[in-house]
Amino acid sequence: MSETNNGSQPTSNDIFQTLIDHHSRLKYFLPGSEAPTDAAHVPHPYNRPSYDQMYMAIAEIVALRSTCLRGRVGAVITKDTRIISIGYNGAPSKIGQCDQYGCIIDSEKGGCIRTIHAEQNAIAYASRIGIPIENATIYVTVSPCIDCAKLIIASGIKRLVYLQEYRNSYALEYLELSGLEVEQLNYGLSAIYNEYCGQEASECQ
Ligand SMILES: [Zn+2]
Ligand SMILES: [Zn+2]
């Protein structure tokens, strides 16, 4: 320590200097300090998934909570890079779940009508607890049906990222015509695992 306050209490400069001595990386955050000039000096240069990649992988994990035998779907709604709601396709608790009582198939449309869809559950939960989703992004493991597409548009969500395309792709056209930014992402949970934790990765980090 270089200076003391009347010889007893350490000054803020003293404390800061001590921190620098023990944690040399802090020098990069000091005003006027020089940034690292090459990769060798950058601390912990981790390879990281993008927000889109991370949230799609999370949506796939959310989908695992689904009880519908017709397929598991997960949805994650984010705003300002943070999760504000999640949903998966499942029936209301008093209705009974597909994996216990079987799916109820709509003879005209072909889908299971016992369940509330993942997007509906995610949007409804945000509404229930009063979280605004205007201009939010929704990540879905399967592109939405036409009914969910309409709900997404009406909710004010402005961007949709999906992993797999649903059998009725006209819902995607409907979303795009309505002004939403729609994007398919071919990177989900298995890709995260392979890149960061699988046999191809040297270690899970
Ligand atoms: Zn079902
Ligand atoms: Zn739907």
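All of the numbers you see were taken from the coordinates with simple rules; none came from a lab. Fair warning: this is a prediction, and the values are worked out from it, not measured in the lab. Quick reminder, even Gly has a Cβ in these numbers, built from the backbone with ideal geometry, and neighbours come from all protein chains shown.
For region 56-91 versus region 98-116, the spacing of their alpha-carbon centroids is 19 Å.
The slack between residue 95 and residue 80, meaning 0.36 nm per residue of separation minus the straight C-alpha distance, is 1.9 nm.
Working note: Karplus 6.51/-1.76/1.60 with θ = phi - 60° gives region 50-60 the couplings 6, 4, 4, 5, 5, 6, 5, 4, 5, 4, 5 Hz, where Gly and Pro are set to x. For residue 116, the residues whose modelled amide H falls within less than 5 Å of its own, excluding neighbours fewer than 5 places apart on the same chain, are 90, 91. Note that region 62-76 has calculated 3J(HN,Hα) couplings of 4, 4, 5, 7, 5, 10, 7, 6, 7, x, 9, 10, x, 9, 10 Hz, one per residue in order, obtained from phi through the Karplus relation 6.51 cos²θ - 1.76 cosθ + 1.60 (θ = phi - 60°); glycine and proline are x. What is the calculated FRET efficiency for residue 184 to residue 104, with r their C-beta to C-beta distance and R₀ = 22 Å, to the nearest 0.05? Using R0 = 22 Å, I get an efficiency of 0.15. Amide H to amide H distances under 5 Å link residue 86 with 77, where only residues 5 or more positions off or on other chains count and H is placed in the peptide plane. For region 115-205, applying the loop criterion from DSSP together with a ceiling of 10 other beta carbons within 10 Å to the GluC sites (Glu not before Pro) yields 134, 200, 203. Basic side chains Lys and Arg get +1 at the Cβ, acidic Asp and Glu get -1 at the Cβ, and with that the dipole of region 52-92 about its Cα centre reaches some 160 debye.
Using only side-chain charges placed at the Cβ, +1 for Lys and Arg and -1 for Asp and Glu, the dipole size of region 57-171 relative to its Cα centre rounds to 160 debye. 3J(HN,Hα) along region 146-152, derived from phi through the Karplus expression 6.51 cos²θ - 1.76 cosθ + 1.60 where θ = phi - 60°, amounts to 5, 5, 5, 4, 5, 5, 4 Hz, with x in place of Gly and Pro. Summarising the amide proton neighbourhood of residue 182: residues at separation of 5 or more, or on other chains, whose placed amide H is nearer than 5 Å comprise 160.
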